[in-house]
Number of protein chains: 2
Amino acid sequence: MNEYMKAAYDEAMKNITGSEGGPFGAVIVKDGEIVASAHNQVLATNDPTMHAEIAAIRMATRRLGRFHLEDCEIYATCEPCPMCMAAIIWAKIPKVYFGANRKDAEDIGFDDNYIYEFIAGSAREIKTYCYILEHDSCVKLFDQWIKKENKEMY
Amino acid sequence: MNEYMKAAYDEAMKNITGSEGGPFGAVIVKDGEIVASAHNQVLATNDPTMHAEIAAIRMATRRLGRFHLEDCEIYATCEPCPMCMAAIIWAKIPKVYFGANRKDAEDIGFDDNYIYEFIAGSAREIKTYCYILEHDSCVKLFDQWIKKENKEMY
């Protein structure tokens, strides 16, 4: 097995033998070295955002002291859900290697595929409803942001 | 202004006067009470996942001691990006109120709209490449997960 995917697999296995979250692992690699290694910790932390990839991104950015990881790759045992994929894009990670996919995850009861459909606007059943409120006032925040000096983008 | 959106607006304003991240705020409301209130903290924490909505979800789940927020609503000054929208769905929050939208965010230089297109498979430019690796081995993890007893779903 690919050594980095094996490391991600070993992380995922911790939730087969233990019970901190779902059977998902991820590692982040920079210059051939693993700089972060994590498994899903939703149950252990009560934090629904603590997927393996998010935990690994937090670990890597903390370790490297920066919010962009454009020189890193991520290996995940399952296709990142939209939350994790978007986090990977925000972190500017250019390459993602994954094993199982969103349909495999659906087969064992996880909503990854549903959430992909929701984000794409093609979900048949809607469980989360969005309403627009105070659009004009909120856009004024952006007008002020544009005028702000010395701002850093991310 | 709606009182909850005003609270989210005041959070966002902290990044106009200060510099912890982008001009985005969010609050989570349960039974008419604000149980979490946060602004974007990507720059302050070096964590690219620290959007206002994610920070608020983490705060609310920590405060309530559970990973589902099906009895809560979220108010955000801007349409949640796919990372935050997926986190909201994982947290089972049924109602989202937002002000500015993904196109307004794009107008001030943020990638929300691009990431929506990427997730939907319609982005014209791809900056993050995905590769399948060790599919069969990783699906075996799921076979073991299915057989695991007393597992909790989330």
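Residue B:92 exposes around 80 Å² of accessible area when a 1.4 Å probe is run over every protein chain in place. Carbon and sulfur: what percent of the protein assembly as shown's accessible surface (1.4 Å probe)? Carbon plus sulfur share of accessible area: 46 percent. Measuring from a point 7 Å past the Cα of residue A:123 along Cα-to-C-beta, which residues in the range B:37-54 have an amide N at less than 17 Å? Label zone hits: B:54. With the label put 7 angstrom out from Cα along the Cα-to-Cβ vector, residue A:94 ends up 4.6 nm from the copy partners, going from closest to farthest.
Each 10 Å bin from zero holds the following percent of Cα-Cα pairs in the range B:90-135: 20, 36, 32, 11, 1.
D by Stokes-Einstein for chain B, Kirkwood Rh over Cα pairs, 20 °C, 1.002 mPa s: 126 µm²/s.
If Lys and Arg each add +1 and Asp and Glu each add -1, what is the summed charge of the other residues whose beta carbon sits under 10 Å from the beta carbon of residue A:130? With Lys, Arg at +1 and Asp, Glu at -1, the net is 0. For the listed residue pairs B:30/B:92; A:140/B:127; A:95/A:151, the alpha carbons are over 19 angstrom apart in A:140/B:127; A:95/A:151. The region of chain B that goes longest without hitting one of the GluC sites (Glu not before Pro) in a DSSP loop, each with at most 13 other Cβ atoms within 10 Å, is B:1-69. With q set to 0.17, 0.18, 0.25 Å⁻¹, the log10 of I(q)/I(0) for the range B:57-140, from the Debye formula over equal scatterers at the Cα positions, is -0.85, -0.90, -1.13. Sorted shortest first, the distances from the residue B:122 label point to those of the same residue in the other copies are 1.1 nm; each point sits 7 Å from Cα along Cα-to-Cβ. Taking A:120, A:36, A:105 as the candidate residues, the one with maximal mean-square fluctuation in a Gaussian network model of chain A, Cα springs under 10 Å, is A:120.
In the range B:42-103, the C-alpha radius of gyration followed by the widest Cα-Cα span (Dmax) gives 11.5, 35 angstrom.
Using every pair of distinct Cα positions in the protein assembly as shown, the Kirkwood expression returns a hydrodynamic radius of 19.3 angstrom.
Projected onto its three principal axes, the C-alpha set of the range A:1-60 covers 33, 23, 10 Å, listed from the longest axis down.
The values are calculated or read from the model by the stated rules, or taken from the named source; none is laboratory data. Just so we're clear, the structure is a prediction, and the values are computed from it rather than from any experiment. Glycine also receives a Cβ, built like all others from the backbone with ideal geometry; neighbour counts cover every protein chain displayed. Accessible surface areas use protein heavy atoms only, side chains included; no ligands, DNA or RNA. Shrake-Rupley method; radii C 1.70, N 1.55, O 1.52, S 1.80 Å.
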